[in-house]
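Input: a single structure, listed below in structure tokens.
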Amino acid sequence: MLCWLAIIALAALYFIDRSIILGRVAHPNFQLFLIIVLGTLALGWLVMFINTLVIIRPKLLAPGMRAIVSVFTLAAVVATSGVFVYGASLLNTGRETITAVFDKGPAFDPIDGRYNIAVFGADSGDNREGVRTDVAALLSVDAKTGKSLLISVPRNFQSARFAAGSPMEKIWPNGYNCGDECIFNSIYRNAETEHADAFPDTVKNIGAQAAMDALEGTTGLPVQGYVMINMAGFEQFVDALGGVTINSGGWVPYNGKYYPNSTVRTHWFAPGTHTFTGKQALWFARSRDFTDDYHRIKRQQCLQQAIIKQVKPQTILSNFTSIMSAGEQLVETDIPAGQLGSFVSLAEKVSNEPMTRLTLGAPDFERSFSTYPKFDELQERIQSLIAKQNKPKEDKPKKSKDSSKSAESEETTKASEESEDSTDVNNAPKLSNSDDKEFTKPDGSPITEEYLVNLEMAGYRTLISEIAANNDECSVP
């Protein structure tokens, strides 16, 4: 009876404030306690069924009844001891991953009502020296509402400022500025290889700390922790989730097998809804052929939002083992294990709120902004976006059907007046462009992957760039 009351109480607490339960379950010591409890229960039920068989003496039963009792007992053992053993196994897998990945320090509180976590995508391939953070972003989340702001920093962002008092701020008091070599994605490696002695021994990851200090000094927001995503482990993680779904607004290229009798190996994701595997998601996030870094950043933001929306407790539970197996390969972080409960609960709120996205470069600022940043301007923009999130929602007045039709008519007329045919250099074929975004072939038929491949074989790369110009437009279903 007490057992059932405890289960009911836990279920009620889960729906009232699940962060309390999740916080306990995420703690390695409590997990070890649960593993021992489940193991004891499994052994106890097994002993009970064995004792029952000894008492009833199956050999004395009629042959038909003996088979029925044996099958029933086996099913009962699986339904009790088997379930407890399976639960203990899952907890042990989670405990090993949490112990290996997360920090042992105490949980931290939000600052000014927000959690600010740095997110880095680490590229440390065999052909590269050291780690490069080709993906750098700051995720700022309102601790109560779950409203989030994702600030992406282009890899070529120059003159990054460091947080006051940080070792790198003393070395670079006027910002990380030494020309084209001093771009954001080199800060991690520069700190590790050139200035490691400047950091105290308590810093476990010097490169990550330097990059966090750069995000804090640049954005003006206090950075509380970091998550480093290994690009190779990213594939495994997305596969463990069962894929990730994205609405792509344009043609996105990626490298595959060479076409027969050709030097062309470009393949394409068509506009539309895709459920990507891990490898496809990585291609989608890293592609910049025929476009640039800013297109890639927008797609990465979209992908990050899609994953956040998809990673819910039910998704984690249904794919628990594979997600935990991918965890150690995917993530390095200084976030303490005790923070997991509140963060899992907060993640649900984040997934239900629209994410605000800002890039410290084009298209949110002028194209030269990442080379010559105006820090007062970008920090004012960030504070303005946060203030906008803090405002209570206002009921929008409903538009009449007539006014909606009138506005739609004006938009269509304006788009029609501004549209022009797009052409490529070197006598490329003319494409029809009726709305400044979607091209068609000269005969009016839709563009296909085969058509794009033929254009590349013919050398019309500028035209392909025009067609792919809107491949940074994507959304989360």
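General remarks:
- Taking the convex hull of Cα positions in the range 242-305, its mean projected area over all directions (nm²): 4.6
- If R0 is 35 Å, the Cβ-Cβ spacing of residue 262 and residue 445 corresponds to a FRET efficiency of close to 0.95.
- Inter-label distance, nm, simple model (7 Å from Cα along the C-beta direction), residue 86/residue 156: 5.3
- Sorted fewest first by neighbouring Cβ atoms within 10 angstrom, 246, 55, 36 come out as 55, 36, 246.
- Dipole of the range 116-217, positive direction: furthest Cα of 182, 143, 165, with charges on the beta-carbon: 143
- Segment residue 372-residue 100, extension gain: residue separation times 0.36 nm, minus the distance between their alpha carbons: 93.9 nm
- Length added when fully stretched, residue 461-residue 71, from 0.36 nm per residue minus Cα-Cα: 133.5 nm
- For the range 173-266, the Cα gyration tensor yields ellipsoid semi-axes of 36, 20, 15 Å (square root of five times each eigenvalue, largest first, whole Å).
- With each label modelled as a point 7 angstrom along the Cα→C-beta vector, the residue 475-residue 43 pair spans 5.8 nm.
- Mean Cβ neighbour count within 10 Å, used as a protection proxy, ranking 134-140, 61-67, 73-79, 346-352 highest first: 134-140, 346-352, 73-79, 61-67
- Exceeding the 20 Å Cα-Cα cut-off - candidates 147/204; 298/391; 147/279; 349/391: 147/204; 298/391; 147/279
- Distance between the C-alpha centres of the range 236-267 and the range 173-188: 32 Å, rounded to the whole angstrom.
- Note on residue 54 and residue 174: their simple-model spin labels are 8.5 nm apart, each label 7 Å out from Cα toward Cβ.
Read-outs: derived from the displayed coordinates by stated rules, not from any lab. Note that the structure is a prediction, hence the values are computed from the model and not measured. Here the Cβ is made from the backbone with ideal geometry for all residues, glycine too, and neighbour counts use every protein chain on show.
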